[in-house]
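I have placed the structure first, in the form of structure tokens, so that the comments after it can refer back to it.
The values are calculated or read from the model by the stated rules, or taken from the named source; none is laboratory data. No experiment lies behind these values; they were computed from the predicted model shown. Here Cβ is always computed from backbone atoms with ideal geometry, including for glycine, and neighbour counts include all displayed protein chains.
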Amino acid sequence: MRRHPLSVIGMALATMSATLFLIVFLADLFGWHTNPYLGIVFFLILPTFFVVGLLLIPIGAWLERRRRARGSAASEVRWPRVDLNDPAQRTAAFIVFALTLTNVVIVSLAAYRGIEYMDSVQFCGQVCHGVMKPEFTAYQDGPHSRVTCVQCHIGPGASWFAKSKLSGTRQVFAVTLKTYARPIPSPVQNLRPARDTCEQCHWPEKFHGDMVQRIYEYSEDEANTESLTTLQVHVGGGSERLGVATGIHWHMNVANEIEYIATDDKRQVIPYVRLKDRFGNVREYFAEGVTPEQLAKGERRRMDCMDCHNRPAHPMAPTAERAVNTAMARGEMPKTLPFIRREAVKALKVSYPTQNAAGEGISRELREFYRTQYQSVYMARRQDVEKAVNAAQNVYRRNVFPEMNVQFGTYPNNIGHMDFPGCFRCHDENHKTKDGKTISQDCDTCHHIE
């Protein structure tokens, strides 16, 4: 019996897709390919063709049946006679059953591997390439680089998985149509609560005591004079069981309930804070000049880890000066090259159209400076000059992405208060209760400076 062309196309499509999928599935299983773009083709697109091919087969059979029935009476219905005593029908039934099981296995593998692939770091960071390049670059060099994206951005549970896929569908359309924002905004509004993600690894009730932090800075003189600030940071902690809390993590003591209202979409403007302590006492702090109407339009939220640690996995240097200081402190950029701090910062602050243009421009600026101003140094210490050039280029590639309009300081970091408001969003002595009490700005509460 002739089959309808649509059924033939469906069988061919399903067979080819299934064969290719199984081959690539085995290659992926044994680690024979690592390209993220191959993954999106084989684990998302091929299964789609496979399912479409399966659907075409019964559609073609139905069309063929209609074509053959056009010459018969309209009311006549002929059902196929199934007789498993007939060797031919028994063989056909066995083949159909075996193929059905095979199809179920293939579709299940495709669905499982497709979901697994969409949750991979490669999919999140590399498939969209330029769109996520700033975040992915920072992630790879950040303290959470061994934590997968979905562990923080989705976390456990079916409901948040479904939400993430719906959000991802919208993002796919934005990338396809090139309607996404440049720079990509930080996901402030749709992040899962920290207790469902951060606290799966970090223990907020644990007392951490103090930590010592050393901050190296370099001046713009010829000797790149180094200065060192040592901070004893009162990290602190506490628990409801102990009933005490000290230091910075006093905010996260579970016995303290802190709420605030932010009136901007980045949560940088906080005109209202409400504290309920472990004894049930409530205090409300209002910024000077704030009106009830402004507060009514703002976002009310209970404070959690992300209100301070808002860039835990994607840290970027706030300024070119700080980025160069860090590179020099790590030994990536030679400290003894004359004026290297000043000249590196100057080269990094030039506006370049692309990262490739930046690499060429930074190289040209630094080499030209030493070739013309310090010829003897350039000739005798050429290797150090090239090391400084490479370090400055790496600083740029790590923090600046012209194609996405990401510059130094594009994304606020709320840890500290030197480059962004951070702590001073609330601790500014301008938030007062009705009886005149303020949110303290006492430096010794959080750290001791040496």
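Remarks
- Under the condition of being assigned to a loop (DSSP other than H, G, I, E, B), of a type outside the set (Gly, Ala, Ser) and under 28 Å from His314 (Cα atoms), the residues counted in the stretch 405-440 number 17.
- Residue check, Gly142 surrounded by 11 or more Cβ atoms within 10 Å (Cβ to Cβ) and modelled with pLDDT under 75: no
- The stretch 430-442, subset at pLDDT below 90 and within 17 Å of Ile270 (Cα to Cα), residue surrounded by the fewest Cβ atoms within 10 Å (Cβ to Cβ): Ser440
- Residue in the stretch 266-286 that is nearest to Gln189 (Cα to Cα), counting only those that are touching a Pro at 6+ places or on another chain (Cβ under 8 Å) and modelled with pLDDT under 95: Lys266
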